[in-house]
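**Q** Take this structure first; my questions come after.
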Amino acid sequence: MRLADKRILLGVSGGIAAYKSAELVRRLKDQGAEVRVVMTRSAKEFITPLTLQAVSGHPVADSLLDPAAEAGMGHIELAKWADLVLIAPASANLMARMAAGMADELLTTLCLATPATVALAPAMNQQMYRNAATQANLQTLAERDIQLWGPDSGSQACGDVGPGRMLDPLELVERCCQQLAAEPLLAGVRLLLTAGPTREALDPVRYISNHSSGKMGYAIARAAREAGAEVTLVSGPVALTTPAGVTRIDVESALQMHEAVMSRVGECDLFIGCAAVADYRPAQVAEQKIKKTGDNDQMQLTLVKNPDIIADVGALSDKPFTVGFAAETVDVEQYALDKLRRKRLDMIAANDVSRAGQGFNADDNALTVFWQGGQAALPLADKLTLARHLVALIARHYRP
Ligand code: PMT
């Protein structure tokens, strides 16, 4: 039972290999998976929903605009439910629609809305598979971190011989087992992580800070610990409980956070900078409380630049695998990509903090993660769910 408690959303698109989907559902269930099936319109020309309902034990979903289905497990709920979305068979047409980012029916919409890994088992005629348009679509999908499982090569239903056969159901089950392996994703990895705001003192009672609550960073600490990492959390001042098994170092200012990170970075394999570090601090910290004077309606502060912690980590000759965040209100992707390059990061999670209900001090968040040659969208979810998906994504790209 290598897939016990795992939730697999099986997408079936229109192709002759759709007849193998019933067998695939049965073999996934043999391994303990809970399977729900979503069919495209054309898939129903090849296999009936009734067959897949019978083998999966759940009604088959096929419509985006079905009030009865939405009243049960709606499409967003279904997208969040899955640990893995596997589309088998994935036709050339379906992959073209996915590459174009279309949400024209339930299955394509789910692929855009799910934070889970999406895997495709392509199946089509060998000439269609070799076509430049199909190859370009496959490349686009791979760059978006969609897993491509197969195709196999051999004799095809149409009589041709070549690449384009869907992988055997048992081979697909094996790939699902490997993808959802119980082995912790970050077993033994030493993670150093920053979280929360910094406070830049003006005098003994005042400071400059920001709205970071630490919730995102603490959720990452917990998710990474669950994934087997040894986690050291360098935390700005927050009102949160330390996740179980995590070592916490408390700091206040950016200078203290810089010192705490740089003195420990040599002993870590992975660094994640989630803290909202103040870029500037007051040039002078008054020893006594600054007094309001009767004749001055204005007060001028001189600020000096703080060290950029993550850029200093990125500049190390033996730097750890380094993941940054970019909290932006406009041109989010452009600024994130600039930070990825300039700070020599391996990955960056772009956080659009202009949207209500996500980002600073919210319970939910959404991220778009970029790396050299690829990106993945992690849609709106509570911060712990999002952190688990982010950790899984980092684990897939992590190179010691
Ligand atoms: O704490 P929450 O309320 O849960 O909110 C989460 C969050 C919005 C703070 C978090 O998701 C987030 O986006 N963190 C990064 C915030 C930020 O300061 O972004 P930035 O674009 O200014 O910085 C880019 C990167 O450089 C970040 O990895 C940051 O940690 C790092 N940095 C920035 C300045 C500096 N002096 N040193 C740094 O290391």
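The values are calculated or read from the model by the stated rules, or taken from the named source; none is laboratory data. Please read all numbers here as calculations on a predicted model, not as lab measurements. Note that each Cβ is placed from the backbone with ideal geometry, even for glycine, and that neighbours are counted across all protein chains shown.
**Q** Which residue pairs have Cβ atoms closer than 7 Å, lie 6 or more positions apart in sequence or on different chains, and pair a first residue in the stretch 372-400 that is under 18 Å from GLU333 (Cβ atoms) and more than 13 Å from the ligand (Cβ to nearest atom) with a second residue that is assigned to a strand (DSSP E or B) and polar (S, T, N, Q)?
**A** GLN375/THR368; ALA377/THR368
**Q** Here's a follow-up. Helices (runs of 4 or more DSSP H) wholly in the stretch 32-94 with at least 2 residues that are touching a residue at least 40 places away in the same chain (Cβ under 8 Å) - which ones? Quick ask: steps written out before the conclusion?
**A** Values: elements: 49-56, 67-71, 75-81.
In the stretch 32-94, the matching helices (runs of 4 or more DSSP H) lie at 49-56, 75-81.
**Q** While we're on this one: In the stretch 50-66, is there at least one residue being modelled with pLDDT under 95, buried (at least 24 other Cβ atoms within 10 Å of the Cβ) and more than 23 Å from ASP152 (Cα to Cα)?
**A** Checked the stretch 50-66: at least one residue is modelled with pLDDT under 95, buried (at least 24 other Cβ atoms within 10 Å of the Cβ) and more than 23 Å from ASP152 (Cα to Cα).
**Q** Need a quick list: strands (runs of 3 or more DSSP E) entirely within the stretch 334-387 having at least 3 residues that are at pLDDT below 95 and under 25 Å from PRO400 (Cβ atoms).
**A** 374-382
**Q** Right, ALA311: closer than 24 Å to ASP352 by Cα and not in a helix (DSSP H, G or I) or not?
**A** No.
**Q** Can you pull out every residue in the stretch 231-253 that is surrounded by 14 or more Cβ atoms within 10 Å (Cβ to Cβ), of a type outside the set (Ser, Thr, Tyr) and within 20 Å of ASP363 (Cα to Cα)?
**A** LEU233, GLY236, PRO237, VAL238, LEU240, PRO243
**Q** Give me the strands (runs of 3 or more DSSP E) completely within the stretch 143-212, filtered to those with at least 2 residues that are modelled with pLDDT under 95 and either buried (at least 16 other Cβ atoms within 10 Å of the Cβ) or over 20 Å from the mean Cα position of the chain (by Cα) (or both), ordered by residue number. So that I can check it myself, show each step before the final result.
**A** Working: elements: 152-155, 161-165, 190-195, 200-203, 206-208.
Those strands (runs of 3 or more DSSP E) span 152-155, 161-165.
**Q** Let me ask another. Across the stretch 371-387, what is the number of residues that are under 10 Å from the mean Cα position of the chain (by Cα) and closer than 22 Å to LEU141 by Cα?
**A** Selection size over the stretch 371-387: 6.
**Q** Which pairs do you get when a residue that is under 15 Å from ALA392 (Cα atoms) and in contact (Cβ under 8 Å) with a residue 12 or more places away in the chain, found in the stretch 181-203, comes within reach of a residue that is of a type outside the set (A, V, I, L, M, F, W, C) and within 16 Å of the ligand (Cβ to nearest atom), reach meaning Cβ atoms under 9 angstrom, with the pair 6+ apart or on two chains?
**A** LEU191/THR232; LEU191/PRO320
**Q** Report yes if GLN135 is free of Cβ contacts under 8 Å to residues at least 12 places away in the same chain and either surrounded by fewer than 17 Cβ atoms within 10 Å (Cβ to Cβ) or not acidic (Asp, Glu) (or both), otherwise no.
**A** Here the answer is yes, as GLN135 does meet what is asked.
**Q** Which of the following residues is exposed (fewer than 15 other Cβ atoms within 10 Å of the Cβ), within 12 Å of the ligand (Cβ to nearest atom) and not acidic (Asp, Glu): MET257, MET262?
**A** Going through MET257, MET262 in turn, just one is exposed (fewer than 15 other Cβ atoms within 10 Å of the Cβ), within 12 Å of the ligand (Cβ to nearest atom) and not acidic (Asp, Glu): MET262.
**Q** Suppose the filter is within 17 Å of LEU193 (Cα to Cα), within 10 Å of the ligand (Cβ to nearest atom) and part of a loop (DSSP other than H, G, I, E, B); does LEU316 pass it?
**A** no
**Q** Please enumerate the residues belonging to the stretch 284-303 that are in contact (Cβ under 8 Å) with a residue 12 or more places away in the chain, aliphatic (A, V, I, L, M) and more than 16 Å from the ligand (Cβ to nearest atom).
**A** In the first step, residues of the stretch 284-303 are kept if they are in contact (Cβ under 8 Å) with a residue 12 or more places away in the chain; the result is 284-290, 301-303.
Adding the requirement that they be aliphatic (A, V, I, L, M) leaves 285-286, 290, 301, 303.
Selection gives VAL285, ALA286, ILE290, LEU301.
**Q** Please go through the stretch 360-380 and give me each residue that is touching a strand residue (DSSP E or B) at 6+ places or on another chain (Cβ under 8 Å) and within 19 Å of ILE146 (Cβ to Cβ), ordered by number.
**A** ALA366, LEU367, THR368, VAL369, PHE370, TRP371, GLN375, ALA376, ALA377, LEU378, PRO379
**Q** Could you list, in sequence order, the residues of the stretch 183-200 that are among the hydrophobic types (A, V, I, L, M, F, W, C) and more than 16 Å from the ligand (Cβ to nearest atom)?
**A** If the condition is that a residue be among the hydrophobic types (A, V, I, L, M, F, W, C) and more than 16 Å from the ligand (Cβ to nearest atom), then LEU185, LEU186, ALA187, VAL189 are the ones that fit.
**Q** Right, another one. So, of the residues in the stretch 388-400 that are assigned to a loop (DSSP other than H, G, I, E, B) and modelled with pLDDT under 90, which turns out to be surrounded by the fewest Cβ atoms within 10 Å (Cβ to Cβ)?
**A** Result: ARG399.
**Q** Every residue in the stretch 319-342 that is in contact (Cβ under 8 Å) with a residue 60 or more places away in the chain, more than 12 Å from the ligand (Cβ to nearest atom) and of a type in the set (A, V, I, L, M, F, W, C), please.
**A** PHE321
**Q** For the stretch 112-132, name all the residues that are touching a residue at least 40 places away in the same chain (Cβ under 8 Å) and assigned to a loop (DSSP other than H, G, I, E, B).
**A** Looking only at the stretch 112-132, we keep the residues that are touching a residue at least 40 places away in the same chain (Cβ under 8 Å), and these are 112-117, 119, 121-124.
Result: THR114, PRO115, ALA116, ALA123, MET124.
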